[in-house]
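Asker: Can you keep this structure in mind? I'll have questions shortly.
Taken together, the values in this text are just the output of simple stated rules run on the coordinates, not laboratory data. Keep in mind the model is a prediction, meaning the values are calculated, not measured. All Cβ positions, even for glycine, are placed from backbone atoms using ideal geometry, and neighbour counts span all protein chains on display.
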Amino acid sequence: MSDPVIETQGLTKRYGDVVAVDGLNLRLQAGEVFGLLGPNGSGKTTTILMILGLTEPTAGTARVLGYDPLRHPLQVKRRVGYLPDSVGFYDELTARENLRYTARLNGIDRAEADRLIDQVMDRMGLRDVVDRPVGTFSRGMRQRLGLGEVLMKRAQIAILDEPTVGLDPEAAHEFLGMIRGLKADGITVLLSSHLLHQVQAVCDRVGLFRNGKMVLEGTFEALSEKVLGGSYRINVEARRDGLERLLGSVPGVVRVTPIRGGRYLLEASRDCRSEVARRVVGEGGELLELTFERVSLDDVYARYFQEARGEA
Amino acid sequence: MKREGSPWTGLWAVVLKEYADHLSSVRMRILEGLILVVAVATVYAAAQSLRQTVGEDPFIYLKLLTTSQDPLPSFVAFMGFLIPLTGIALAFDAVNGEYNRRTMSRLLAQPIYRDAVLMGKFLAGLLTMATTLLGLWLLVTGLGILRLGVIPEAREVGRGLFFLLATLAYGGVWMALAMLFSVTYRQPATSAMATLAVWLFFAVFWEIVVRLLSNVAALVLMRGGTENELALIQIQLFLSRLSPNTLYSETVLALLNPDVRALGPVLITQLEGAVRGTMLPLWQSLVLAWPQFTALIAAVILLFAYAYILFQRQEVRA
């Protein structure tokens, strides 16, 4: 396996008594899309700022492409594109002027900058408005302009903080497509969000944040396996109570939750509908309904925090 | 811990962007318009009264700046008001404005240090003020040539340029203070009001405070002759010079009036052998104004350094 592009060890940030990030160990491989998931205030943005070297960690280290963001912030920031949470631009300047400023800060010369700006604005679908003041832009356009900026500086890593918050569904969908485009370009993406289904749609791996700690990490399948025991759900309506034991003995079923009126919710690690049907009918039950769904990250998330609250 | 790379990376990019912003901002256009009107009015009025004595005065172009014609105060007096305002207008939202527009984190995520941001903004402000002042001075001189019909001499030009430098330093004090408040307060309106409050305090109330304090001192030093009286004046002068306004007006007084020989009390014995009515050469006037001039520059540096330290330590998150 190649060296990780982002690696943190015991990364910790305290603001007075408040621990924003607590002993974070994170590894991102080149080319993957990683989602930081968690409620607001769980330390996602602080983690991002430490990776960029914009905030000093209280303890622990971070490495980005082999550089320490504290000692070599310029090297890191040259290679990492950052789209902050609700990104802002200079409203009175046009999109082109805004990007030209960024280009100059990155040491890109004027002619090259103009060529790159046309290229990325084309890709972001902003070509027609490139000479309009950003003040007239919608939120979705600003987000795309921010992503264009990341592309323009030819970042190897893109860090996107809550990129789809406040976008209408269509714009969000479009934006997610653009994030997939980054992956196709070989750019490593670190994405933070609390919008689970969107994370599920684009991320290869996710890390679940809670009170500054990354409590779960892995691919979506691995997470649902861990939290729910399986990534499939089967609804059974048999018009008979007391079938828990029978259903629980079906191979692949991890958990059975009875619901009133002879209904059961099964969680399973694989699709075992036919076996369930056979057993219900064999036991003389009336099988009225047998539906099947894949669980979503929402379920994993909800279940996890439900259990965590129960323990507390 | 040692950082790699120059803290000035990207400095020019910031300076040029901010300079362009200032020159095209509505705020600066309003102020420049105001200054222009004031300059033309005061200088025109001064020229009107100076026309009678053109031949007699060797420093007529300096008189153009300092002569007041009822009901208008002199050009210099007006500048004492308008320059602090310009300085404040240029910097009161320098840092908190970036936060409010949510551009700060994006800006700092570019390969530059924070040093370049603050320094760039300050230099751009100074550059804007210098441009305005130079343009203004050329305009005034041009108006003088038209109205008075004489060409300014080198010594007048020299004094004029030093006057510009002193004015720049004075404006720099208020700009640095506004920048400091723009780092400490998150609302531009708050930082603007705070800076204006400090300015008003020094412009209006400081003289009153000085008078009150020297009255107290007078009670203590009541008995005794000339020496105590002199000590009292010294105390009063010292207190008064804690205000940048006093420092500026004394610097300007020395630079624009070659016949001014002292900025403090002069004893009659010190005047022994002095040739009355003679003018000091430029470098002697400079020596006279030097403490005040350097104090102004020191104030700029101190205020800016403090803003710099606060900004470096500030968390990027609101």
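Asker: How big is the dipole moment of segment B:193-311 about its Cα centre under a simple scheme where the beta carbon of each Lys and Arg is +1, that of each Asp and Glu is -1, and everything else is neutral? Debye, nearest 20, please.
Answerer: 80
Asker: OK, next. Taking the dipole about the Cα centre of the protein assembly as shown, with the C-beta of Lys and Arg at +1 and of Asp and Glu at -1, give me whichever of B:Gln48, B:Leu263, A:Gly230 is farthest to the positive side.
Answerer: A:Gly230
Asker: In addition: Could you list which residues have their amide H under 5 Å from that of A:Gly81, counting only those 5 or more apart in sequence or on another chain, with H placed in the peptide plane?
Answerer: A:Gln156, A:Ile157, A:Ala158, A:Ile159
Asker: I would also like to ask the following. Short version: ³J(HN,Hα) in whole Hz for each residue of segment B:76-93, in order, from phi by Karplus 6.51 cos²θ - 1.76 cosθ + 1.60 (θ = phi - 60°), x for Gly and Pro, what are they?
Answerer: Coupling constants for segment B:76-93: 4, 5, 5, 4, x, 8, 7, 5, x, 4, 4, x, 5, 4, 6, 10, 5, 10 Hz.
Asker: Along its three principal axes, how long is the protein assembly as shown when you only count alpha carbons? Whole Å, largest extent first please.
Answerer: Cα extents, longest axis first: 129, 62, 45 Å.
Asker: Quick one: order B:Met279, B:Met175, A:Met178 by neighbouring beta-carbon count within 10 Å, fewest to most.
Answerer: B:Met279, A:Met178, B:Met175
Asker: I've got another one for you. Measuring from label point to label point, each 7 Å out along Cα→Cβ, what is the A:Ala222 to A:Arg245 span in nm?
Answerer: Each label point is offset 7 Å from its Cα along the Cβ direction, giving 3.8 nm.
Asker: Using only the alpha-carbon atoms, how far is helix B:154-184 inclined from the longest principal axis of chain B? Give it as 0 to 90 degrees, nearest 10.
Answerer: Helix B:154-184 sits roughly 40 degrees off the main axis of chain B.
Asker: Once you wrap a convex hull around the alpha carbon atoms of segment A:1-131, what is its projected area averaged over all directions, in nm²? Numbers along the way, then the final one.
Answerer: Values: hull surface 40.4 nm².
Mean orientational projected area (segment A:1-131, Cα hull): 10.1 nm².
Asker: Helix B:282-313 against the longest principal axis of chain B: what's the angle in degrees, Cα atoms only, rounded to the nearest 10?
Answerer: Approximately 20 degrees, to the nearest ten.
Asker: While we're looking at this one, here's another question. What 222 nm value per residue comes from the helices of chain B, counting each DSSP H run with n ≥ 4 as -39,500 (n - 2.57) and dividing by all residues, nearest 500 deg cm²/dmol?
Answerer: It lands at -24000 deg cm²/dmol.
Asker: At a threshold of 8 angstrom on Cα-Cα distance, excluding pairs fewer than six apart, so keeping six or more, what relative contact order does segment A:85-198 reach in percent?
Answerer: Working: 125 pairs, mean separation 32.6, N = 114.
RCO, segment A:85-198: 29 percent.
Asker: Please get the size of the charge dipole for segment B:1-106, origin at its Cα centre, with Cβ charges of +1 on Lys and Arg and -1 on Asp and Glu, quoted in debye to the nearest 20.
Answerer: Its charge dipole is roughly 500 debye.
Asker: How large is the dipole of the protein assembly as shown about the Cα centre if only Lys and Arg carry +1 and Asp and Glu carry -1, each at its Cβ, rounded to the nearest 20 debye?
Answerer: Working: 65 positive and 62 negative charges, 99 e Å.
Using Cβ point charges on Lys, Arg, Asp and Glu, the protein assembly as shown gives about 480 debye.
Asker: Could you tell me the relative contact order of chain A? Use alpha-carbon pairs under 8 Å, at least six residues apart, and round to a whole percent.
Answerer: Once divided by the residue count of chain A, the mean separation gives 18 percent.
Asker: Please compare each pair in A:Lys183/A:Lys213; A:Lys153/A:Lys226; A:Lys77/B:Lys121; A:Lys213/B:Lys121; B:Lys63/B:Lys121; A:Lys77/A:Lys213 to a cut-off of 30 Å on the Cα-Cα distance and tell me which ones are over it. Display every interim value, and only then the final one.
Answerer: On the way: A:Lys183/A:Lys213 26 Å; A:Lys153/A:Lys226 39 Å; A:Lys77/B:Lys121 21 Å; A:Lys213/B:Lys121 39 Å; B:Lys63/B:Lys121 35 Å; A:Lys77/A:Lys213 25 Å.
Cα-Cα > 30 Å for A:Lys153/A:Lys226; A:Lys213/B:Lys121; B:Lys63/B:Lys121; rest within.
Asker: Okay, next question. For A:Glu112 paired with A:Arg180, estimate the spin-label separation in nm (one decimal), with each label point 7 Å from Cα along the Cα-to-Cβ line.
Answerer: Between A:Glu112 and A:Arg180, the label points sit 3.3 nm apart.
Asker: Further question on the same structure: Can you give the relative contact order of chain B as a percent, counting alpha carbon pairs under 8 Å and 6+ residues apart?
Answerer: Details: 357 pairs, mean separation 70.5, N = 318.
The value is 22 percent.
Asker: Which FRET efficiency value, to the nearest 0.05, is calculated for B:Phe205 and B:Glu4 with the Förster distance at 56 angstrom and r the Cβ-Cβ distance?
Answerer: According to the calculation, E is roughly 0.70.
Asker: Taking θ = phi - 60°, what integer Hz values does the Karplus form 6.51 cos²θ - 1.76 cosθ + 1.60 yield along segment A:249-256, in sequence order, with x for Gly and Pro?
Answerer: Along segment A:249-256, the couplings run 8, 5, x, x, 7, 9, 8, 10 Hz.
Asker: Would you calculate a helix-derived [θ] at 222 nm for chain A, using -39,500 (n - 2.57) for each DSSP H run of n ≥ 4 and dividing by the full residue count, to the nearest 500?
Answerer: Helices in chain A give a 222 nm mean residue ellipticity of -11000 deg cm²/dmol.
Asker: While we're looking at this one, here's another question. First measure r as the distance between the Cβ atoms of B:Met193 and A:Asp122, then evaluate 1/(1 + (r/R0)^6) with R0 = 60 Å and state the FRET efficiency to the nearest 0.05.
Answerer: My answer for the efficiency is 0.85.
Asker: Next up: For B:Ile208, A:Ile157, A:Ile108, which order do you get if you count the other beta carbons within 10 Å of each Cβ and list the fewest first?
Answerer: B:Ile208, A:Ile108, A:Ile157
Asker: Along segment A:95-107, what does the Karplus equation 6.51 cos²θ - 1.76 cosθ + 1.60 (θ = phi - 60°) give for ³J(HN,Hα), rounded to whole Hz, x for Gly and Pro?
Answerer: Using θ = phi - 60°, the values come out as 4, 4, 5, 4, 5, 4, 4, 4, 4, 5, 5, 8, x Hz.
Asker: When the gyration tensor of segment B:18-172 is built from Cα positions, what are the square roots of 5 times its three eigenvalues, in whole Å, from largest to smallest?
Answerer: Output for segment B:18-172: semi-axes of 37, 15, 11 Å.
Asker: Output the antiparallel fraction of DSSP beta bridges having both residues in the protein assembly as shown, as a percent to the nearest 5.
Answerer: Counting only bridges with both partners in the protein assembly as shown, antiparallel ones make up about 70 percent.
Asker: So, one more: Going by how many other Cβ atoms sit within 10 Å of their own, how do B:Arg276, A:Arg233, A:Arg123 line up, fewest first?
Answerer: Ordered from fewest to most neighbouring Cβ atoms within 10 Å, B:Arg276, A:Arg233, A:Arg123 come out as B:Arg276, A:Arg123, A:Arg233.
Asker: How much FRET efficiency would the formula 1/(1 + (r/R0)^6) give for A:Ala30 and B:Glu229, where r is the Cβ-Cβ distance and R0 is 51 Å, rounded to 0.05?
Answerer: Calculated value: 0.05.
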